[in-house]
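Worksheet: one structure, shown below.
The values are calculated or read from the model by the stated rules, or taken from the named source; none is laboratory data. Remember, it's a predicted structure, so these values are computed and weren't measured experimentally. Positions of Cβ are generated from backbone atoms using ideal geometry, with glycine treated the same way; all protein chains shown enter the neighbour counts.
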Amino acid sequence: MDGRPIIGNERIDTAERLVSENPATLEPVGEVCLASDALCERAVGAAKGALPGWRWLAPREKRAILKRAENILARRAGETARLIAMEKGSPYAEALAGEVYGALQSLNYYAENQGRLLRPKRAGHHTPLFFNKSGTFHFHPLGPTLIISPWNFPLLIPFCDTLSALTAGNTVVLRPSTATPFTALLLGEIFVEAGLPPGAVNVVPCRVPQVERMIVDPDIHTVMFTGSVGIGKRVMELCSRNLTNLTLELGGKDPMLVLEDADLERAARGAVWTAFMNCGQSCGSIERAYVDRRVVREFTERVVELAKKIRVGNPLDPDVDMGPMTTAGQLKVVLEHIEDARAKGARVLCGGGRVPSLRGHFVEPTVLDRVDHTMKVMTEETFGPTLPIMPFDSPEEAAALANDSLFGLTASVWTRDRKRAAWFAERLEAGSVTVNDHMYSFIEPRAIWGGIKQTGMGRSHGPYGLHELVNIKYVGADYFRKKAQTWWFPYDRSLTGLMEKAVTLFHGRSRRARAAAALGLLKEWPRIKATAPLFNYVLALPRIFKK
């Protein structure tokens, strides 16, 4: 594996090195070269230099590059999934199904829609005096985008963010987590092989001081950060120095609401998969389950039964369901949350500790009940394989419990009743709400991703996510052959009378007053005729009579 940074489509050797560690075996995956201040500055310069060429490249040529990248990733799918399993700890099948397949779907979506998602859109006019004008919204790239990606989905997250930035016409400097640098370098390698112009995507593993210098570099126009709340606040503070455009995705504490009419077998299986896939290291994992008291016992028993069947082990073993935590630090957080819950009266129904027979950062799938909102496992992001279950007695209580959180990423409702699902969907404070499923929307390219509260700001993915990465420009035009506009100088009695009557005509409550204003406007006909097309007023008639 080549651990050298990619700048301007070239591999750059550096003196400082870092060893990437396999979290399952604690053995080295390989050695990565870390970018210096000068190399990070060079990467930003490469992205800036590539911007004009990439921005104005024809959509069909961009489409061809992304299709080639799709074909390359498909050809290297097994190799990529194996690397993710070794470097991050996902079971091979999970890496293939989630990260590789998700990245391929995004490549396909953005390739097929190059030139379509950000076409200029017509803007109509509401003001009657402007009916003769045309208006259009245009979407233009902001400039080089710094993507700071996490270790929990080391391929999927940077791939989606990079594709969004490129589709918006921007160029990219990608700084991956130092826990999973090889996967991000593979992403860059794929783009180079696909023929992306030099400098359009640069991948620079580096330490925190170098990242911070890039954030405050005036040539960086957007920062996309995925990570913890604390670091997100630091990124926001640094971006404030240049008023740099920023999107933040800082995690979640996602609730699952199981109503009494839910298909409990489906709900239990969905809960177990969403809580424990990726070893619970997903910002969209189910981290809290609220279950109608009438069915909580049956649901909990089935969840425990399924959780005990999860096979934990080396992610390259084809019979393993759950691998290790990626970092020792995150493993410590998970164990602290479990112990905090125990100390405050929670009952551990299964799991609750490390896997003694395994060497790496392994922890058991853990299900708890008798939990409440005094416990960290119910209020702070655990980011590990825990599933606390709490009963509720009414829909209002369920919604209140779900919303009692500093986070607001996603939420799910499990019910057969469409009306009740819709009721909850309106009331849950989250960026996405799904019914009878959870977390799948991240892999759907047309959906959005992001949330509210301390989950962060802005959205990524799909058409709305692209709007976070562009300058939305309004372009207005008037090609009518009038020498002046109604409201231009001179400010005389004619303008005063016209505007007084126009205010009454369009905004007055009395029909009699509006009719009088309409007749009065005839006295202002010379100014109207000289400055505005007659059809402006004809088109305004429906507005007048609608009153």
Which of the numbered conditions does Ala341 fail, given that it passes all the others? Conditions: (1) under 23 Å from the mean Cα position of the chain (by Cα); (2) farther than 28 Å from Ser441 by Cβ; (3) surrounded by 16 or more Cβ atoms within 10 Å (Cβ to Cβ); (4) not polar (S, T, N, Q). (1)
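Among residues belonging to segment 249-265 that are small (Gly, Ala, Ser) and at pLDDT 95 or above, point out the one that is nearest to Asp417 (Cα to Cα).
Narrowing segment 249-265 to residues small (Gly, Ala, Ser): 251-252, 262.
This time we only want the ones that are at pLDDT 95 or above, so: 252, 262.
On the way: Gly252: 26, Ala262: 8 Å.
By that ranking, first place goes to Ala262.
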Helices (runs of 4 or more DSSP H) completely within segment 263-350 that count 2 or more residues being without any contact (Cβ under 8 Å) to a residue 12 or more places away in the chain, in the same structural domain as Phe383 (by TED's automatic domain parsing) and more than 20 Å from Asp393 (Cα to Cα): 328-343
Phe362 over 22 Å from the mean Cα position of the chain (by Cα), surrounded by 20 or more Cβ atoms within 10 Å (Cβ to Cβ), closer than 21 Å to Lys309 by Cα and not basic (Lys, Arg): yes
How many residues are under 28 Å from Arg294 (Cβ atoms) and assigned to a loop (DSSP other than H, G, I, E, B) when one looks only at segment 359-399? 11
Checking the structure you have, find out if any residue of segment 70-89 is touching a strand residue (DSSP E or B) at 6+ places or on another chain (Cβ under 9 Å) and surrounded by fewer than 19 Cβ atoms within 10 Å (Cβ to Cβ). no
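Is at least one residue of segment 381-402 over 16 Å from Met256 (Cβ atoms) and under 27 Å from the mean Cα position of the chain (by Cα)?
For segment 381-402, residues over 16 Å from Met256 (Cβ atoms) and under 27 Å from the mean Cα position of the chain (by Cα): present.
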Filtered residues of segment 217-244 (kept if farther than 26 Å from Asn9 by Cβ and not in a helix (DSSP H, G or I)): Gly227, Ser228, Arg241, Asn242, Leu243
Looking at Leu26, is it of a type outside the set (Lys, Arg), farther than 30 Å from Gly115 by Cβ, crowded, with 18+ Cβ neighbours inside 10 Å and touching a residue at least 24 places away in the same chain (Cβ under 8 Å)? no
Only listed residue being aliphatic (A, V, I, L, M), modelled with pLDDT of 85 or more and touching a helix residue (DSSP H, G or I) at 6+ places or on another chain (Cβ under 8 Å), chosen from Ala518, Ala513, Ala532, Ala540: Ala513
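Test Ala268 against the stated conditions and say whether it is farther than 22 Å from Ala422 by Cα and not β-branched (Val, Ile, Thr). Give the steps one after another, and end with the answer.
Values: farther than 22 Å from Ala422 by Cα: no; not β-branched (Val, Ile, Thr): yes.
Considered against the rule, which asks whether it is farther than 22 Å from Ala422 by Cα and not β-branched (Val, Ile, Thr), Ala268 comes out as no.
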Scan segment 382-439 for residues that are in contact with a His (Cβ under 9 Å, 6 or more places away or on another chain), within 19 Å of Glu265 (Cα to Cα) and surrounded by fewer than 24 Cβ atoms within 10 Å (Cβ to Cβ) and report the count. 1
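Does Glu468 meet the test of being closer than 24 Å to Pro141 by Cβ and either acidic (Asp, Glu) or in a loop (DSSP other than H, G, I, E, B) (or both)? Give the derivation first.
Numbers: closer than 24 Å to Pro141 by Cβ: yes; either acidic (Asp, Glu) or in a loop (DSSP other than H, G, I, E, B) (or both): yes.
Against the criterion (closer than 24 Å to Pro141 by Cβ and either acidic (Asp, Glu) or in a loop (DSSP other than H, G, I, E, B) (or both)), Glu468 qualifies.
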I want to confirm something. Restricting to segment 193-223 and keeping residues that are over 12 Å from Cys40 (Cα atoms) and either buried (at least 20 other Cβ atoms within 10 Å of the Cβ) or not assigned by TED's automatic domain parsing to the domain that holds Gly45 (or both), which single residue is nearest to the chain's Cα centre (by Cα)? Val223
When residues of segment 418-453 are filtered for being touching a residue at least 24 places away in the same chain (Cβ under 8 Å), assigned to a helix (DSSP H, G or I) and not hydroxyl-bearing (Ser, Thr, Tyr), how many remain? 5
Assuming Lys501 fulfils every condition listed in (1) at pLDDT below 90; (2) surrounded by 21 or more Cβ atoms within 10 Å (Cβ to Cβ); (3) not in a helix (DSSP H, G or I) apart from one, which condition is it? (3)
Restricting to segment 148-180, name every residue that is closer than 17 Å to Leu51 by Cα and hydrophobic (A, V, I, L, M, F, W, C). Leu163, Ala165, Leu166, Ala168, Val172, Val173, Leu174
